[in-house]
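Q: One structure coming up, written as structure tokens, with questions to follow.
The values are calculated or read from the model by the stated rules, or taken from the named source; none is laboratory data. It should be emphasised that the depicted structure is a prediction, and the values quoted were computed from it without experimental measurement. For neighbour counting, all protein chains shown are included, and Cβ atoms are generated from backbone atoms with ideal geometry for every residue, glycine included.
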Amino acid sequence: MKSRFVLFLLAITLAGCADTTPFPAVALNQVIPAPQITIPTQEALLVTRQITLSSPEAFAISNRFLTDFLRPQGFTIAPTQASAAQWMFRRDSTLAKEGYILEITTDHLVLSAATDLGAFYGLQTLRQLMPEQLEGASEKPASFYLPTGTIQDHPAFAYRGMHLDVGRHFFGPEDIKSYLDYMALLKMNYFHWHLTEDQGWRIEIKAFPKLTSHGSVRPETLIGHYNDEPQRFDATPYGGFYTQEEVKEIVAYAAQRHITVIPEIELPGHAQAAISAYPELGCTQKPVTVATKWGIFEEVYCPKPETFAFLETVLTEVMGLFPGPYIHIGGDEAPKTHWANCDQCQGLMHAEGLANEEALQSYFIRKIERFVNAQGKQIIGWDEILEGGLAPNATLMSWRGTEGGILAAQQKHNVIMTPTSHCYFDYYQSDRPDEPLAIGGYLPLKKVYSYQPIPHELTPEESTYILGAQGNVWTEYMPTFDQVTYMVFPRILALSEVVWHGASDSVDAQYPEFLTRVERFHKRLDVLGVNYANHLYQIESAVATNTNPPTYRLFSPLKDKVIQYTLNDGPLVAYTAPIALDQTTKIQAQLYQADTPIGSLLEETFTYHYGIGAQLSLSPQPHSSYNSGGPGALINGRRGDTNRYGDNEWLGFSGDDLTIDLQLRAALPANSLHLYFYHAPGQWINAPKAIILTLTDFNGQKTTKNITLDPAQNNGVFPVVIDLTSITPNDISALTIEVVNYGIIPEGAQGAGQKSWTFIDEIELQ
């Protein structure tokens, strides 16, 4: 059999020089997301322009999809009886609702499924086994080969979602349809459509026309990043909205791809656009503009009869447009300042026996939920709806980590996991300096691939309440749809694998194989004309500090490539083993395929200092979302990115004072201590108030000094340099660094009332 297959491959390769030669078969295991079971048989089925098909009428969507996909490329689908069909779709009631079996031999193709839904997913697999040229390129194959074998498949999670924020930036109906197409190809089945925001109301409500005539248009838009000082604006009105007819068209388009659309109507917060149109909905009733910059705003719906009447009317129209079971009501980031100063709100709290404004928010959400439930729908809310008590029938989206999802599941509520750490596709995906502007953070492809949607804290029974996971795309810094796809691809490929195939049980072992499929999938994206981020050829690096001297490692998960590097602009050398570094060194490295450089140049500086190799302890531990490099990242000679506080070097702490203990390898003559913090108030990140430094010299004598900090500077890296010779003239054997957190964010600032974050990078002893 092996020799037969080799001869077959040779034949099609040699014949490949002719235009009429069938396109060669794609390997059966080149599908994303990976099927549950793949059994190749190493032969091929020839597919010509005339395809005979037997398929039940119940597979109407699947039949239509296949025809619409192949007919424009010159292929004819001829219905026939099963006995005469080359391709056969058949019902198998023993399979799971979304499952399928695809069997390909040298003579026939059989797709079995219990439902049209399962058949459709089988077709998405089949689509990826066909040449990518069929996606619309000018080069239309007259015939092609399909790999033979069997695929048995079903999803790991029922909810496989993608989100898109159209409030910050508006994308037209055709862009939304393209987004749905990409989701369908990857077997994603829920589209979370974020339709209302402080910066724009995007859906027509016939009962309240000012929501779109006024609330959909902001007078101008912030230029650059929110943290830039001074902030600048473009002085150009920006707007857009979807008519109800357009919404119906998009919902129907999604249904033809077995995608359920979940509309989000934000409440009680993120309501400034609505209140700008109808000021009586707010507590102050004062006119406000549609927001022109990003962030959290104090304009929230006032919980009074007029507001609830408004929201019920809005939701009634919305529910009439979306036949799915869910309405997302937001519930996140709702400042309580106006409520605390509102006689109406305080009177309601007294009348209902509500202890605080958090309980008032719960009252608000529960009232809306009762209304939505009465219409036969269920609500979804962000994890803030836990505050004051979770509404009885609500599904929770856990975004601020996993804690909210864990608590909700333990209370027997359905949960959709979408934590910032693994599912926020508005974060930077590379530490390259030429990456397009993003909100911040750092979420590379491998981290998405490593995601485990079911928290280990849950019991098996509690785990059943985790419906699945969702990728979120917030568009503050995505003014075009090309930018959206750049941020989404290829990270959506990793997420689709997690929610369909299931989380990887050995990321380091399985990730390289996944990347070979991503590399192949990029060819399909090229044909489709999708703008995507290609960081596959980016070299990774790491420092091992448990050796003396420390060693520097270079690696690429792509095993068929070669790394070459230089030190301090010296000669080019092939990388074969870790590099010993005993001084500050500039490293440049490039990935090569054969003799051709590919990908981007890695360029970084390793800073040698006395802290490397020290024993380090932290209390408390970093937040789980910002601990990629572990505590050792503080003394590894590598500084974090100046724009991406979530990379492998920065450690984040939420609201906590921090104590760092360093035991040096020996008493060393350190003259200065260099600390690096991140300062970005617009993202709730502040440099610390103070540093309390205690030095231990070679005699064991301790000396303490308090250093007050003044972070009144431009946003970004906040360096602190401390002269150690002014504290002690002796060699140092140990030091303790106490970092005093900024504290609760004050009124008038972004995140007012919330805990401030502290981010710290390298601790250098020079």
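Q: Residue 194 passes all but one of (1) in contact with a Leu (Cβ under 9 Å, 6 or more places away or on another chain); (2) surrounded by fewer than 19 Cβ atoms within 10 Å (Cβ to Cβ); (3) within 30 Å of residue 751 (Cα to Cα); which number fails?
A: (2)
Q: Could you grab me the full set of residues in region 681-692 that are surrounded by 21 or more Cβ atoms within 10 Å (Cβ to Cβ) and over 14 Å from residue 752 (Cα atoms)?
A: 687, 688
Q: Would you check if residue 751 is on the phi > 0 side of the Ramachandran plot, crowded, with 21+ Cβ neighbours inside 10 Å and either out of contact with any His (no Cβ under 8 Å at 6 or more places or on another chain) or not assigned by TED's automatic domain parsing to the domain that holds residue 649 (or both)? Give the steps one after another, and end with the answer.
A: Working: on the phi > 0 side of the Ramachandran plot: yes; crowded, with 21+ Cβ neighbours inside 10 Å: yes; either out of contact with any His (no Cβ under 8 Å at 6 or more places or on another chain) or not assigned by TED's automatic domain parsing to the domain that holds residue 649 (or both): yes.
So residue 751 passes the test.
Q: Under 7 Å between Cβ atoms, which residue pairs at least 6 apart in sequence (or on different chains) link something in region 293-321 that is over 20 Å from residue 370 (Cα atoms) with a partner that is buried (at least 22 other Cβ atoms within 10 Å of the Cβ) and among the aliphatic types (A, V, I, L, M)?
A: Close Cβ pairs satisfying both conditions: 297/291; 299/271; 299/275; 300/271; 300/334.
Q: Criterion first (under 30 Å from residue 126 (Cα atoms) and surrounded by fewer than 14 Cβ atoms within 10 Å (Cβ to Cβ)) does residue 529 satisfy it?
A: Working: under 30 Å from residue 126 (Cα atoms): yes; surrounded by fewer than 14 Cβ atoms within 10 Å (Cβ to Cβ): yes.
Considered against the rule, which asks whether it is under 30 Å from residue 126 (Cα atoms) and surrounded by fewer than 14 Cβ atoms within 10 Å (Cβ to Cβ), residue 529 comes out as yes.
Q: Further question on the same structure: From the set of residues in region 212-241 that are free of Cβ contacts under 8 Å to residues at least 24 places away in the same chain and in contact with a strand residue (DSSP E or B) (Cβ under 8 Å, 6 or more places away or on another chain), which is nearest to residue 642 (Cα to Cα)?
A: 223
Q: Quick one: which residue in 250, 265 is under 17 Å from residue 203 (Cβ atoms) and assigned to a helix (DSSP H, G or I)?
A: Numbers: 265 fails: assigned to a helix (DSSP H, G or I).
Within the list 250, 265, the selection yields 250.
Q: Have a look at 576, 566, 605, 596 and point out the one that is in contact with a Gly (Cβ under 9 Å, 6 or more places away or on another chain) and either surrounded by fewer than 17 Cβ atoms within 10 Å (Cβ to Cβ) or in contact (Cβ under 8 Å) with a residue 60 or more places away in the chain (or both). Break it down stepwise before answering.
A: On the way: 576 fails: in contact with a Gly (Cβ under 9 Å, 6 or more places away or on another chain); 566 fails: in contact with a Gly (Cβ under 9 Å, 6 or more places away or on another chain); 596 fails: in contact with a Gly (Cβ under 9 Å, 6 or more places away or on another chain).
One residue alone meets the criteria, 605.
Q: Does residue 518 satisfy being touching a Leu at 6+ places or on another chain (Cβ under 8 Å), assigned to a helix (DSSP H, G or I) and of a type in the set (Val, Ile, Thr)?
A: For residue 518, the condition - touching a Leu at 6+ places or on another chain (Cβ under 8 Å), assigned to a helix (DSSP H, G or I) and of a type in the set (Val, Ile, Thr) - is met.
Q: How many residues does region 135-173 hold that are assigned to a strand (DSSP E or B) and either among the charged types (D, E, K, R) or over 30 Å from residue 295 (Cα atoms) (or both)? Give the derivation first.
A: Applying the first criterion (assigned to a strand (DSSP E or B)) to region 135-173 yields 144-153, 159-165.
If we keep only those that are either among the charged types (D, E, K, R) or over 30 Å from residue 295 (Cα atoms) (or both) too, we end up with 144-153, 160, 165.
Total meeting the criteria: 12.
Q: To continue, here is another question. I'd like to know if region 73-89 contains one or more residues that are touching a residue at least 24 places away in the same chain (Cβ under 8 Å), under 35 Å from the mean Cα position of the chain (by Cα) and either not assigned by TED's automatic domain parsing to the domain that holds residue 499 or not in a loop (DSSP other than H, G, I, E, B) (or both).
A: Yes, region 73-89 has at least one match.
Q: Still on this structure, I have one more. What number of residues within region 637-695 satisfy the criterion of being in a strand (DSSP E or B) and of a type in the set (D, E, K, R)?
A: Residues in region 637-695 being in a strand (DSSP E or B) and of a type in the set (D, E, K, R): 2 in total.
Q: Could you identify the single residue in 182, 145 that is at pLDDT 95 or above and outside the structural domain of residue 260 (by TED's automatic domain parsing)?
A: From the options 182, 145, the qualifying one is 145.
Q: Given the structure, is residue 351 under 19 Å from residue 306 (Cα atoms), among the hydrophobic types (A, V, I, L, M, F, W, C) and surrounded by fewer than 15 Cβ atoms within 10 Å (Cβ to Cβ)? Don't jump to the end; show me each part of the working.
A: Details: under 19 Å from residue 306 (Cα atoms): yes; among the hydrophobic types (A, V, I, L, M, F, W, C): yes; surrounded by fewer than 15 Cβ atoms within 10 Å (Cβ to Cβ): yes.
Against the criterion (under 19 Å from residue 306 (Cα atoms), among the hydrophobic types (A, V, I, L, M, F, W, C) and surrounded by fewer than 15 Cβ atoms within 10 Å (Cβ to Cβ)), residue 351 qualifies.
The rows are residues; the columns are (1) small (Gly, Ala, Ser); (2) over 33 Å from the mean Cα position of the chain (by Cα); (3) in a loop (DSSP other than H, G, I, E, B).
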site: 557; (1), (2), (3): no, no, yes
site: 571; (1), (2), (3): no, yes, yes
site: 590; (1), (2), (3): no, no, no
site: 598; (1), (2), (3): no, no, no
site: 613; (1), (2), (3): yes, yes, yes
site: 616; (1), (2), (3): no, no, no
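Q: Ok, one more. As an exercise: evaluate residue 503 against (1) assigned to a loop (DSSP other than H, G, I, E, B); (2) surrounded by fewer than 16 Cβ atoms within 10 Å (Cβ to Cβ) and give the number of the one condition it does not meet.
A: So residue 503 meets the others, but not (2).
Q: Follow-up question, since we're still on this one. Quick check on region 100-114: of everything there that is in a loop (DSSP other than H, G, I, E, B) and in contact with a Ser or Thr (Cβ under 9 Å, 6 or more places away or on another chain), which residue is farthest from residue 46 (Cα to Cα)?
A: At the first step, the residues of region 100-114 found to be in a loop (DSSP other than H, G, I, E, B) are 105-108, 114.
Applying the additional criterion that residues be in contact with a Ser or Thr (Cβ under 9 Å, 6 or more places away or on another chain) yields 105-106, 114.
Values: 105: 10, 106: 7, 114: 27 Å.
Among them, the one singled out is 114.
Q: Residues that are farther than 20 Å from residue 500 by Cα and modelled with pLDDT of 95 or more: which strands (runs of 3 or more DSSP E) entirely in region 367-460 hold 2 or more of them?
A: So the answer is 378-382, 395-398.
Each row is one residue, and each column tells you yes or no for (1) over 29 Å from the mean Cα position of the chain (by Cα); (2) buried (at least 22 other Cβ atoms within 10 Å of the Cβ); (3) acidic (Asp, Glu).
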site: 107; (1), (2), (3): yes, no, yes
site: 128; (1), (2), (3): no, no, no
site: 135; (1), (2), (3): no, no, yes
site: 157; (1), (2), (3): no, no, no
site: 167; (1), (2), (3): no, yes, no
site: 183; (1), (2), (3): no, yes, no
site: 203; (1), (2), (3): no, yes, no
site: 222; (1), (2), (3): no, no, no
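Q: Taking interchain pairs and intrachain pairs at least six residues apart, which have beta carbon atoms under 6 angstrom, with the first residue in region 691-713 and within 11 Å of residue 730 (Cβ to Cβ) and the second in a strand (DSSP E or B) and charged (D, E, K, R)?
A: Pairs found: 696/702.
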